[in-house]
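Notes follow the structure.
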Amino acid sequence: MEQSEKIWLDGRLVDWSQAQTHILTHTLHYGGGVFEGIRCYKTAKGPAVFRLKEHIERLFYSASVLEMDVPFSKQQIEEAVARTIKANGLEECYVRPIIFFGDKMGLNPIGAPLHVAIAAWPWGAYLGGKEAVDVKISKYIRMHPGSADVKAKICGYYANSILASLEAHKGNYDEAIFLDHEGFVAEGPGENVFMVKKGGLVTPSAENILAGITRDAVIKIAQEMGIAVEERKISKEELKSAEEAFFSGTAVEICPIGRIDETVINQGRVGEITKKIKENFEKIVRGNTPSDWLTFVR
Ligand code: PMP
């Protein structure tokens, strides 16, 4: 992983090598931490963070689910994100805020010290290098919404995602797709899923997934373009018969899907509608289409 020089930890910038935690860190053992993935893009007016407010809002929502008493305000964390990007001289990067319980053993985190860190590093396309990716429907099901608050981005949930990723990569696929507990299409390990049907977009409804910030952006971009968008249940058979399919997410941005299990989608190529949405998304994140979704780092 490419290093950046400075990491923001509990209110101050420290050197990369100093951004450490104890081996008995609660979150390391039990997964009770919360995090975000945010992208910052190079624009003509300098680095710009995409939908910073929404990401910090979700970070604090996730923290509230774990009853974390965050010792910083949302505004302070937003400013700390900008400060971290600036301190590392990054024009374009991925930003990873994390809030975690420190040194305490036993499942109950009450009384554990709380830490907040923000790292930023250059990170290219997450599933890059291919026009369209191959995905495997996972044998693992997405977490039951009765087992956890799926709207929160909690570290431990990602064990489910890691299992699906390992399974997909072992089968030579690029990524996995989860079904939910009812057998409908849910999401990727770190992405939402869209398909094109009769020229319109369809995406799984929000109940059983982390309905992402990029998903919301895609819906709004499509609607602006006059493309119909439907949020509803999708069976895996229906997904496989899609005209086009793609992932959305901060890390993957918009990533065409070319194969699902053995079924080739749109001849393994990026589809027309996916391409147009991707182009419009890129214009927005690069500041070439005016929007209120960018926070410029000054
Ligand atoms: N689903 C899951 C499980 C994720 O981890 C992510 C990444 N945060 C997403 C969907 C996409 O969300 P976003 O567009 O907000 O990055």
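Observations on the structure shown:
- Qualifying strands (runs of 3 or more DSSP E) (wholly inside the stretch 12-58; at least 2 residues being within 16 Å of the ligand (Cβ to nearest atom)): 33-35, 38-43, 46-50
- Count of the stretch 149-167 residues which are farther than 26 Å from I56 by Cα and either surrounded by fewer than 15 Cβ atoms within 10 Å (Cβ to Cβ) or touching an Asp or Glu at 6+ places or on another chain (Cβ under 6 Å) (or both): 1
- Set side by side, the residues E36, E57 differ, and just one is of a type outside the set (A, V, I, L, M, F, W, C) and within 19 Å of W121 (Cα to Cα), which is E36.
- Scanning the stretch 33-61 for residues that are under 21 Å from L114 (Cα atoms) and either surrounded by 22 or more Cβ atoms within 10 Å (Cβ to Cβ) or β-branched (V, I, T) (or both) yields G33, V34, E36, H55, I56, L59.
- If you filter the stretch 202-249 down to residues that are in contact with a helix residue (DSSP H, G or I) (Cβ under 6 Å, 6 or more places away or on another chain) and more than 22 Å from S291 (Cα to Cα), you find that the one that is farthest from the ligand (Cβ to nearest atom) is E244.
- Single match in A228, A251, A217 (criterion: closer than 18 Å to R39 by Cα, out of contact with any Pro (no Cβ under 7 Å at 6 or more places or on another chain), surrounded by fewer than 22 Cβ atoms within 10 Å (Cβ to Cβ) and not charged (D, E, K, R)): A251
- The condition (being touching a helix residue (DSSP H, G or I) at 6+ places or on another chain (Cβ under 9 Å) and within 20 Å of C155 (Cα to Cα)) is satisfied by just one residue among G11, G102: G102.
- Odd one out for T263 among (1) over 17 Å from A132 (Cα atoms); (2) of a type outside the set (G, A, S); (3) away from the ligand (no atom under 16 Å from the Cβ); (4) out of contact with any strand residue (DSSP E or B) (no Cβ under 6 Å at 6 or more places or on another chain): (1)
- Hits in the stretch 99-118 (condition: in a strand (DSSP E or B) and surrounded by fewer than 18 Cβ atoms within 10 Å (Cβ to Cβ)): D103
- Of the helices (runs of 4 or more DSSP H) lying entirely inside the stretch 146-257, those carrying at least 1 residues that are in contact with a Gly (Cβ under 7 Å, 6 or more places away or on another chain) are 158-170, 213-224.
- Among the residues listed as E237, E262, E207, the single one being surrounded by fewer than 21 Cβ atoms within 10 Å (Cβ to Cβ), in the same structural domain as N160 (by TED's automatic domain parsing), within 23 Å of the chain's Cα centre (by Cα) and at negative phi: E207
This table checks each residue for (1) within 28 Å of V65 (Cα to Cα); (2) of a type in the set (A, V, I, L, M, F, W, C).
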| site | (1), (2) |
| --- | --- |
| I99 | yes, yes |
| I110 | yes, yes |
| P113 | yes, no |
| I118 | yes, yes |
| L127 | no, yes |
| K130 | no, no |
| V135 | no, yes |
| D149 | yes, no |
| S161 | yes, no |
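- Only listed residue being away from the ligand (no atom under 11 Å from the Cβ) and aliphatic (A, V, I, L, M), chosen from A132, A186: A132
The values are calculated or read from the model by the stated rules, or taken from the named source; none is laboratory data. Computed from a predicted structure; not experimentally measured. FYI the Cβ positions are ideal-geometry reconstructions off the backbone, even for glycines, and counts take in every protein chain you see.
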